[in-house]
Amino acid sequence: MNYILFDNEDWESLLPFTFLRPMSHIRIGIFTIQEKWDIFLGVETSPLTPEYLQKAYPVHTTDDNICIAGNIIPNETLVTAITQLQMNEALISKENQLIAARTSSIEQLSQWETLQKIPFEGTYFQLTEKFEIFLHNGEEIINDLKRVSPTPISENVRNNNLIFGDPSQLYIDPTAKIFGATLNCTEGPIYIGKNVTVMEGSHLRGPLAILDDAIVKMGAKIYGETTIGPLCKVGGEVENAVMFGYSNKAHDGYLGNSVIGHWCNIGAGTITSNLKNNYSSIRQWNYKTRRFDHTRQQFCGLMMGDHSKCGINVAINSGTVMGICTSVYGAEFQRFYVANFMTGSPIGGYRKNNFNKIITSEKAMMARRNMELNETFIEIMRTLYEKND
């Protein structure tokens, strides 16, 4: 059976995180959505994306495909129902939304209402808003760990760190280096991946995931419901945040109730507000409605798209959205929405940055981790640069 994870109409609501990736490549918990499906199904899925992304994320098709909405988180009941679909059947939610369809071609997806409808009466979680990434991150860490075999902590970890709670809730790869830290798993598990370095004086609380090759700097305070993606560097205070990977928040400053894309850098002393002074619901820019919509959340910080940067001592308002390849600076509060490829400050104003300068900067950042920005992504970014976001 060939499985495809397709982007649906929620793709636009999940911007800026879907400008440069399929919905199924969003990380929530330990794994991306696609990785979760691959684990459940025991096969490698492929994404079906908007046309401009397809060269970077090719879809694999056969004459028998099960196409699944790429923003749905799998569970056992749902997977069972999907794998039982027959040809030309569609699994439909209680709200008459398409969950999955079995078709002989992906072109049939646009005509899914003509298929035989199979109602699904169970429950599942579908990611429809970008703030839901951090909102559900803690429970997804716990869910993901149910599918990871526990690794007994070594005597080295036990003897050189202060541990609170049940040590069986610590999932620490033997290659991780942790000295002089506190590990508190009384409120949830802690997962630490391969080659992670947790420097002395750090305080970690679960549920927490720190993925392969990440570095936690000295004296960092990492609260629960947080994911630090692969090759990230993190310092200061972080709470209920998701960093997809390859990004830096290496210095003092607060980051809370936030989502940070790939290849971002947050300067020293940068502070993110995640709560309004009057404790009211936070509004946030919605790319789909083209307006600031109420999140109905009291806590909401920064949504930062891939390849974006902010300088030292930057102040960020609650609910701020920054597109891809933005670069902001200045100590005054930034605008609540900064469009793709913009650079500047609240006082001096924002302007569209030079594309070649952006690419030069990104190549230099990626080279520090011995990685390259390939031509396919450069062309995708150029396509977006030439459009209005």
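The values are calculated or read from the model by the stated rules, or taken from the named source; none is laboratory data. The model shown is predicted, which means the values in this text are computed figures rather than measured ones. Positions of Cβ are generated from backbone atoms using ideal geometry, with glycine treated the same way; all protein chains shown enter the neighbour counts.
Residues in the stretch 113-160 that are in contact with a helix residue (DSSP H, G or I) (Cβ under 9 Å, 6 or more places away or on another chain), β-branched (Val, Ile, Thr) and part of a loop (DSSP other than H, G, I, E, B) were compared, and the one that is farthest from residue 30 (Cα to Cα) is 123. Candidates are the residues of the stretch 72-96 that are in a loop (DSSP other than H, G, I, E, B) and at pLDDT 95 or above; the one that is surrounded by the fewest Cβ atoms within 10 Å (Cβ to Cβ) is 86. The set of residues in the stretch 329-372 being in a strand (DSSP E or B), among the hydrophobic types (A, V, I, L, M, F, W, C) and either in contact with a His (Cβ under 6 Å, 6 or more places away or on another chain) or over 16 Å from residue 16 (Cα atoms) (or both) consists of 333 alone. For the stretch 21-44, the set of residues classified as surrounded by fewer than 24 Cβ atoms within 10 Å (Cβ to Cβ), in contact (Cβ under 8 Å) with a residue 12 or more places away in the chain and in a loop (DSSP other than H, G, I, E, B) consists of 21, 26, 31, 43, listed by residue number.
For residue 286, the criteria (1) free of Cβ contacts under 8 Å to residues at least 60 places away in the same chain; (2) surrounded by fewer than 24 Cβ atoms within 10 Å (Cβ to Cβ); (3) not aromatic (Phe, Trp, Tyr) hold in every case but one, which is (1).
For beta carbons closer than 7 Å, sequence separation of 6+ or different chains, a first residue in the stretch 87-107 that is at positive phi and a second that is surrounded by fewer than 14 Cβ atoms within 10 Å (Cβ to Cβ), the qualifying pairs are 88/116. Scoring residue 265 on the criteria (1) surrounded by 24 or more Cβ atoms within 10 Å (Cβ to Cβ); (2) under 18 Å from residue 316 (Cα atoms) leaves a single failure, condition (1).
Against the criterion of being within 23 Å of the chain's Cα centre (by Cα) and not β-branched (Val, Ile, Thr), residue 362 qualifies. Considering the conditions (1) assigned by TED's automatic domain parsing to the domain that holds residue 186; (2) of a type in the set (A, V, I, L, M, F, W, C); (3) touching a Lys or Arg at 6+ places or on another chain (Cβ under 9 Å), residue 82 is excluded by exactly one of them, (1).
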